[in-house]
Amino acid sequence: MDTYGKGIFKGLMVTAKHFFDSYLDDIKWWGKRYYTPEGLAHRSSKDAKGIFTVQYPEEKVPVPEEFRYIPFLVYDESETGEKTIRCTSCGICAKACPPQCIWIVRGSDPNTGRPVPQPAEFTIDADICMNCGFCAEYCPFDAIKMDHDYEIASYGRNLLNKEALMKPAKYYAEIRPLNNAREEAARAEKAATKAAKA
């Protein structure tokens with residue numbers, strides 16, 4: 001019986017040490033331990049003492065560049081502000097999607113009725129999406145990319161339509177700068193090769 005009491009006491013002492021270390025570290029950092037990038041980095045390091053949990057939602061751990069969540073559609077903006085969606089409604093993303101949560105309706109010319117390389121409708125069911133990134137991986141036009149925004153909780157079903165999914169290319173460059181730089185270099189090289197052949 002005495003042995004069990006010592007074990008409980010040792011456990012309580014560990015808890016008390018963390019409790020008091022938190023206050024001592026708060027005094028040492030004096031207002032910079034929480035809600036600052038330096039404080040978050042310190043609490044994530046091996047040198048952290050006391051409480052080191054992230055105070056979500058006021059604080060958020062920075063996500064790595066390769067983090068992926070719900071896909072979004074990329075559009076390019078001209079100098080006049082005109083939006084040109086990269087998607088040609090080829091349907092490769094819908095075919096590659098394991099849970100089959102992407103639905104595309106190809107657009108058509110209102111005068112001739114012939115199909116045009118733009119989606120009239122593009123829907124992703126975020127409740128089914130498993131965030132695998134196959135749609136972005138297989139898209140030949142770099143029209144669909146994986147987002148970093150993971151705070152999309154809602155009271156209803158998350159059926160995201162084309163307007164909700166569209167984000168500018170500069171947004172993609174902000175969240176994935178290294179990937180964007182590689183893609184832009186490949187595009188420039190391709191354009192240079194094409195110009196040299198012409």
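The numbers here are math on the coordinates, done by the rules we state, and not lab data. Fair warning: this is a prediction, and the values are worked out from it, not measured in the lab. Positions of Cβ are backbone-derived with ideal geometry, glycine not excepted, and every protein chain shown enters the neighbour counts.
Here are the numbers:
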{"item": "Unique match (being of a type outside the set (Ser, Thr, Tyr) and closer than 11 Å to residue 71 by Cα) among 153, 136, 94, 120", "result": "136"}
{"item": "Members of segment 75-99 that are free of Cβ contacts under 8 Å to residues at least 24 places away in the same chain and among the polar types (S, T, N, Q)", "result": "78, 80, 84"}
{"item": "Complete set of residues in segment 20-47 that are small (Gly, Ala, Ser), loosely packed, with under 15 Cβ neighbours inside 10 Å and within 27 Å of the chain's Cα centre (by Cα)", "result": "41, 44, 45"}
{"item": "Pairs with Cβ under 8 Å, 6+ apart, first in segment 183-198 and under 25 Å from residue 74 (Cα atoms), second among the acidic types (Asp, Glu)", "result": "183/142"}
{"item": "Residue tally, condition surrounded by 13 or more Cβ atoms within 10 Å (Cβ to Cβ) and within 25 Å of residue 125 (Cα to Cα), over segment 52-64", "result": "1"}
{"item": "Residues satisfying the stated conditions in segment 145-163, i.e. closer than 16 Å to residue 102 by Cα and in contact with a Phe, Trp or Tyr (Cβ under 9 Å, 6 or more places away or on another chain)", "result": "145, 146, 147, 160, 161, 162"}
{"item": "Qualifying residue in segment 14-31 (condition: closer than 25 Å to residue 149 by Cα and polar (S, T, N, Q))", "result": "no"}
{"item": "Condition met for residue 36 (free of Cβ contacts under 8 Å to residues at least 40 places away in the same chain and closer than 30 Å to residue 109 by Cα)", "result": "no"}
